[in-house]
Amino acid sequence: MTIRNRHRWLALVMLLSLGGCGPSVKIVQPADGEVVEASSLVARMDFSAPARTFQVVLDGSDVSRGFFLTDSQAAGQVTGLTTGDHVLSVYYLATTGFEDTDQVVFSVSVPVSLDSISASPLTLDLTAGETASLTITGHMSDGTTEDLTADANTLYGSSDTGIVSVSETGVVTGVAAGTATIGVAFDGVSTTIPVTVTAAAG
């Protein structure tokens, strides 16, 4: 080993040694491996010593402009997140000159919501005293469906209980001749079923 290379090697060892005990940075939000259900989130990172400068990078793009520094913590809102995995990195230079970096990988999932509900059958024709069962289906934002018929949060009601009644599980009973409507609601979404009741024979 030449003298020049030896000096370079010693300098590298000293730098690594000093860097290992120098100031550090830690991304505290989002957590590594976290799954968030939002298109934006507030990211935070803690510095063990005041920062001289720092850079925040999301998926290779500098987003530092949206961050502000308070004491030894940087925070900012990351927006425009799409479904899938994202890499958030921070590069930190302390006032003492020692550098550190941290990186987390987090995922974004789209929350599933209820778009609409439907009833089967769409209409009912009953005679007084006759019963029929409704099937209530929830249509979700991701294209899936759920049977909500017996869900405790599914609410049933009749526009005229003197003509037709309905149970908490969607069983409809004709009471007397006439027309009425059964209303069904779940999580703020509703539908109606027209009902015609005829008098029982005899």
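List every residue pair whose Cβ atoms lie under 6 Å apart, where the two residues are 6 or more positions apart in sequence or sit on different chains, the first residue falls within segment 82-111 and is more than 22 Å from Asp71 (Cα to Cα), and the second residue, located anywhere, is of a type in the set (Gly, Ala, Ser).
Short answer, once both residue conditions are applied: Asp85/Ser107.
Name every residue in segment 117-134 that is closer than 21 Å to Gly188 by Cα, in contact with a strand residue (DSSP E or B) (Cβ under 6 Å, 6 or more places away or on another chain) and loosely packed, with under 13 Cβ neighbours inside 10 Å, in order of residue number.
The one that is closer than 21 Å to Gly188 by Cα, in contact with a strand residue (DSSP E or B) (Cβ under 6 Å, 6 or more places away or on another chain) and loosely packed, with under 13 Cβ neighbours inside 10 Å: Ser120.
Mind listing whichever residues of segment 82-119 are among the aliphatic types (A, V, I, L, M), in a strand (DSSP E or B) and within 26 Å of Gly60 (Cβ to Cβ)?
Val87, Leu88, Val90, Leu93, Ala94, Val104, Val105, Val108, listed by residue number.
Considering only segment 43-87, how many residues are more than 23 Å from Pro23 (Cβ to Cβ) and of a type in the set (S, T, N, Q)?
Of the residues in that region, 5 qualify.
In this structure, is Ile163 closer than 27 Å to Ser109 by Cβ and surrounded by 15 or more Cβ atoms within 10 Å (Cβ to Cβ)?
Answer is no for this residue.
Asp102 fails exactly one of the following numbered conditions: (1) within 30 Å of Ala31 (Cβ to Cβ); (2) not assigned by TED's automatic domain parsing to the domain that holds Gly84. What is the number of that condition?
Just one mismatch for Asp102, condition (2).
So which strands (runs of 3 or more DSSP E) stay within segment 133-202 end to end and still have 3 or more residues that are in contact (Cβ under 8 Å) with a residue 12 or more places away in the chain?
In segment 133-202, 135-140, 155-158, 171-174, 178-186, 189-198 are the strands (runs of 3 or more DSSP E) which contain 3 or more residues that are in contact (Cβ under 8 Å) with a residue 12 or more places away in the chain.
The values are calculated or read from the model by the stated rules, or taken from the named source; none is laboratory data. Computed from a prediction, not measured in an experiment: that's the story for all the values here. Positions of Cβ are generated from backbone atoms using ideal geometry, with glycine treated the same way; all protein chains shown enter the neighbour counts.
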